[in-house]
Amino acid sequence: MLLTPRLRSKPRITRHRKAALLASAVSVCLVAAAAPAEPLGVGDRLYPYLGNPGYDVASYDLNLTYPGTNDKPLQAVTTIDAWTTADLDRVNLDFAHGTVQSVEVDGRPADFSTAGEDLVVTPAHSLHRGLWTRITVRHTSDPVAGKDQEGGWVRTTDGLAMANQADAAHLVFPCNDHPSDKAMFTFRITAPNGWTAVANGLPAGADRVGTTTTWTYRTQHPMATELAQVSIGRSAVVRRQGPHGLPVRDVVPSADRKTLEPWLAKTPGQIAWLEDKVGRYPFETYGVLMAQASTGFELETQTLSLFEKELFTEPAYPKWYVESVMVHELSHQWFGDSVSPRTWSDVWLNEGHATWYEALYSEETAKRPMVDRMKAAYGASDRWRQSGGPPALPKAPVPGEKISIFRPNIYDGAALVLYALRQEIGRPAFERLERLWVQRHRDSTATTADFVRLASAVAGRDLSGFFQAWLYGEKTPPMPGHPDWKSAPPDRAAKAHTRR
Ligand SMILES: [Zn+2]
């Protein structure tokens with residue numbers, strides 16, 4: 001994710017994490033003696049109720065029917081195939097915005113109720129550990145944000161797009177909404193003829209029946225729920241070839257296809273540039289989705305990154321800047337998507353690397369030296385650590401603050417850690433580490449400790465002390481090779497901020 005600098009004030013949306021009401025969900029508990037359903041989580045330090053224990057999702061099949069207007073709920077059927085890792089009397093799913101009509105477990109009707117932001121399913125018979133189970137939920141998926149909810153569906157001027165990072169996929173569909181549980185996805189999107197639907201992965205058919213068309217897409221690689229993308233709009237799908245025949249497809253408003261073409265044409269070169277730095281592009285396809293929406297950010301949804309169209313049409317943004325933002329989201333396909341954070345505290349691995357390649361691209365193509373940007377980041381780093389926490393120990397999201405874990409400490413503050421590392425171990429070792437990192441953890445998840453271990457192995461010495469100071473210290477350590485760099489002391493405004 002990358003926040004767009006605001007050129008004008010936009011309406012502020014607030015989020016309240018505890019708000020979670022499936023108003024029309026019916027709770028019918030047949031086992032009177034059972035303890036009340038409770039919200040569960042996988043213990044994420046920043047989002048304690050995200051994800052659920054006791055199962056591992058292998059695949060999601062999302063069936064969505066778009067009514068032709070983006071202010072009414074879509075009808076949906078979500079089918080989850082999961083492997084149980086514990087005996088389960090109940091299965092908790094994350095789902096907090098929509099009406100649940102029915103739930104089946106392995107083909108038999110199941111009871112369900114809600115607790116916090118969880119949909120709690122009670123199967124007719126409890127599930128044993130070490131078995132496949134299929135959960136089918138019939139529900140609505142509401143693109144109109146609930147009170148104090150933000151994220152999930154994004155309403156565009158011509159339809160819908162999706163922005164689930166970090167914790168909003170479960171506003172769209174029932175799921176195990178944590179990046180530690182990646183799964184394969186199939187999307188079947190039915191829309192009135194005249195709309196175009198595109199989702200992550202490769203197309204697997206478009207079947208026109210009467211007045212509607214059903215568009216099917218499948219991912220070829222596992223994906224975190226936060227990276228799901230479904231675009232429904234009056235869109236053109238523009239196809240071209242990337243390096244070594246990689247299919248590239250961009251999704252743009254039909255009317256703007258010609259105007260936007262010069263930007264679209266840049267993607268293959270950017271992919272080739274990144275492949276040269278870190279190795280083969282990790283997925284089956286790539287492309288940019290230029291949405292007519294005001295999100296305030298761009299987002300690395302897997303194989304199809306989401307951008308505000310305005311980024312490409314607003315003349316106030318310099319060209320080098322727009323390109324660097326494109327490279328930021330593209331590099332997330334390696335760092336964040338293919339290699340996902342095991343917990344949200346590891347998000348510096350996503351944003352630090354995306355910021356790093358964004359800056360490196362600007363250095364190599366637009367004469368904007370990395371060292372200047374890093375010196376400026378060093379100057380601000382103590383303030384960032386004060387307000388947002390050290391890069392690998394970010395402060396919890398603030399209720400009501402937009403996308404609030406995405407603070408400078410995990411962007412330039414974390415790129416600064418990579419710069420310090422490159423200064424410390426030298427350029428050849430650093431570049432070897434980057435390539436090995438995305439190779440070794442491809443299609444998987446990884447932790448900060450994994451990065452520290454691999455860096456130490458590549459450097460041939462224990463770097464845990466170095467990383468402890470740089471990733472967890474309240475103060476920014478001295479920069480190797482630049483003893484003159486100074487970090488400005490935290491100011492009063494930052495202190496006031498942390499007290500909220
Ligand atoms: Zn980002």
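None of the figures in this text is laboratory data; all of them are computed from the coordinates on show. No experiment lies behind these values; they were computed from the predicted model shown.
Annotations for the structure displayed:
- The HN-Hα couplings worked out from phi for the stretch 448-463 by the Karplus form 6.51 cos²θ - 1.76 cosθ + 1.60 (θ = phi - 60°) are 4, 4, 4, 5, 4, 4, 5, 4, 5, 4, 5, 6, x, 7, 6, 9 Hz, whole numbers, x standing for Gly and Pro.
- Equivalent ellipsoid semi-axes, the stretch 341-498, via Cα gyration tensor eigenvalues times 5, rooted, Å: 24, 19, 15
- Projected-area average for the stretch 49-148 over all orientations - Cα convex hull basis, square nanometres: 6.5
- Hull volume per residue, based on the alpha-carbon atoms of the stretch 224-282 and their convex hull, is 100 Å³.
- Of Lys266/Lys367; Lys319/Lys367; Lys309/Lys395; Lys258/Lys309; Lys258/Lys367; Lys258/Lys319, those spanning more than 24 Å from alpha-carbon to alpha-carbon: Lys309/Lys395; Lys258/Lys367
- Degrees between helix 427-440 axis and first principal axis of the chain (Cα, 0 to 90, nearest 10): 10
- Here the stretch 336-391 and the stretch 101-128 have alpha carbon centers that stand 42 Å from each other.
- Convex hull per residue volume in Å³, alpha carbons only, for the chain: 151
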